[in-house]
Structure formats: C-alpha cells, structure tokens
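What follows is a single structure, written as structure tokens, with notes after it.
Derivation of every value follows stated rules applied to the coordinates shown; laboratory data play no part. From a predicted model like this one, the values you see are computed outputs, not experimental measurements. Methodologically, a virtual Cβ is constructed for each residue, glycine included, from the backbone with ideal geometry; neighbour enumeration extends over all protein chains shown.
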Amino acid sequence: MLTGIVLRSSGGVYEVETAEGVHEALLRGRLKLESRVGDRVVVGDRVEIEAATPGPAWTIEHVDERHSALVRRAPGKAPKAKVIVANLHRVVVVFASADPEPHLRMLDRFLVLAESSDLDAVVVANKIDLLGQAAARARFHVYEEIGYRVVFTSAKTGLGVGELREILCEGISTLTGPSGVGKSSLLNAVQPGLGLRVSAVSERVRKGRHTTVTAELIHLECGGYVADTPGLREIGLWGVDLDELGLYFPEFEPYLGHCRYRNSCTHSHEPGCSVRAAAERGEIAESRFDSYLRLVHGDDLDGA
C-alpha cells in the first residue's frame, strides 16, 4: 500500500504521485458508492493505492478527508457541485490587465469562493506590458486597499514572475481565472521547461480560448504544487449562504453588526444599514458594493 497525491485524471484513470514514483490507478468499486461533494476523486486528493493482483495495475483503496476544496456550481440547470481542486493552501486568481479586458465582478466571485472556503487568495494582474504598470495598478488598486496581495506580472517580459514563483513554491496553490489571461504562460515562465500549451486570445470576440482542458497538479522543482485549471467563463457560487454573503467581503467587516437590523440586514435596502452608509461615504468601493448587490439579487450567481 502506497500513499500519494492525485496529479491528474482522464477517463477514470488517475495519476498518483508517491514516494516511489507516479502510478496510474483505477478507483476501487466500493469507493464509487461513497457520498462526497463533487467527484469521488479529484486533483489534490490524498489517496492510498495498492498493486492489483495479478497484473501491473494499481487501485485506489482509500481517499483521505479533504481539509479544503475549491468548489463551484457545475454548469447546467441542475444544481450540482463541481470540486476544482482539493486540499489547497491558497487560490491564485489570474486576470489580464488587458486583452481580454478584466471583468472585475467575476474576480469578486472568485474571491468570494476563496473566502467562503477559508482559503488565502492572491490576485495576479498579468499582461501589464500591454497597459503599463501605472494603468494596471489603477485597475486593481481596490484589491490592494482591501488587503489582498496583488502581484503584477508579465509572462512576456518576466516582470513579477519571481514574486509569483515564491508564492507557488510553498504548499498547494491553484492557478485559476478566465480563459486567455496567461495562466499557462505564467507557469511556463515560473518553471522553464514545463512546455504547457498556450494559445492566443480570439480576435473575433476577444475572449480566451480554453488551452488547459482538465485540471492538472504540477509538482514544481522548488517543492510546491500548483494546479493548472481550465479557464472559466462562468463561476457559479456553491454552498454560499446569501444571508452570510457580507462575511466574504473583508472590507464589510468593520461595519457588520452595527446595522439597525443587525444580523438580519441584507445591506441592500434596509434603513439604518451601516454597510450601505459606508459605501455611500466612499469607505467601501462602489464597484465592490455593486458586485455584492448583484450577488444578493441573484444577477451574477450563474455566470459572468
């Protein structure tokens, strides 16, 4: 019996990294019946595998309980959870400064997912060579003011790649964000020789193409793991109670509990709301408060 971590999966076959190397394994039939959020086994899961007899194949005999997971609502009409990566230490959300234009309400949803999963979040503003550092900072300064770490990068020039490498070399990170923002290009710059496939942004609609088609956990030479995930064009929230949504906007924290209706306040229309008053005074960014209201009213729950 060997213990290891799932690096990738395809067609029901899982690649598991152990101290003795990488083995392909199938899921034991009885495990398919177990109830779990999302798929039974995903990238990042810690598992125990055993050599099958006879033959060279391996089977997954046990899956450890997940200490964390990045979960979104699966596309489609039927409500269903989709676990993107398990056992994470942080979420690194990559958006382009330009080409494609950053959709910051979508960034806000990624951050809500990270906050609700109790995961650290880092914002990466890539392609700053297209816009210039000053202009890029102007677009993303609100997140620095809130307290998020924002890394300004250019996979083309190498700017900021060293800082990103330091972050990714510790623990397990997931690199996520929309298509076409340069996630695979950044990983190729972080560890030259990876050779991850990249592609250009569509000229017709200025949206990224899906270069990465399945989540894959990459073991970096510096010791960390990073999950390269497919680009997401929509990010539906899963497991987020809208009554508690304000808890996942860190800048709301000083004002929560001071509303006239205290914990029952939705911060959308009630009189005597301290959060709404703070937004009106400019103490909470208008763009962020607008994202919050759209989520409360369900405008942005299922798509960009």
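Compute the signed sum of charges (Lys and Arg +1, Asp and Glu -1) over the other residues within less than 9 Å, Cβ to Cβ, of Glu270.
+2
Applying 1/(1 + (r/R0)^6) with r as the Cβ-Cβ distance of Glu145 and Arg260 and R0 = 25 angstrom yields a FRET efficiency of 0.40. Full extension of the segment from Ser10 to Ala134, taken as 0.36 nm per residue of separation minus the current Cα-Cα distance, would add 40.4 nm.
If we count every other residue with Cβ under 12 angstrom of Val85's Cβ, Lys/Arg +1 and Asp/Glu -1, where does the sum land?
That sum, taken over residues with Cβ under 12 Å, equals +1.
Please compute the net charge surrounding Val43, taking Lys and Arg as +1 and Asp and Glu as -1 over other residues with Cβ under 9 Å from its Cβ. For residues surrounding Val43, the net value is -1. Placing unit charges on the Cβ atoms only, positive for Lys and Arg and negative for Asp and Glu, gives region 65-167 a dipole magnitude near 520 debye about its Cα centre.
Looking at region 141-178, which GluC sites (Glu not before Pro) are DSSP coil and have at most 16 other C-beta atoms within 10 Å of their C-beta?
Working: sites: Glu144, Glu145, Glu163, Glu166, Glu170; in loops: Glu170.
In loop regions of region 141-178 (DSSP not H, G, I, E or B), the sparsely surrounded GluC sites (Glu not before Pro) are Glu170.
Remark: spin-label model distance Asp118-Met1 equals 2.7 nm, labels positioned 7 Å along the Cα→Cβ axis. If R₀ is 35 angstrom, what is the calculated FRET efficiency for the pair Thr53 and Ala19, using the beta carbon separation as r and rounding to 0.05? E between Thr53 and Ala19, to the nearest 0.05, is 0.95.
Please give the length that would be gained between Glu101 and Asp290 if that part of the chain were fully extended, namely 0.36 nm times their separation in residues minus their C-alpha to C-alpha distance (nm, one decimal). Mind dumping the intermediate values first?
Numbers: separation 189, 0.36 × 189 = 68.04 nm, distance 1.86 nm.
Once the chain is fully extended between Glu101 and Asp290, it gains 66.2 nm.
This ranking places Ser179, Ser97 by how few other beta-carbon atoms lie within 10 Å of each, fewest first, which gives Ser179, Ser97.
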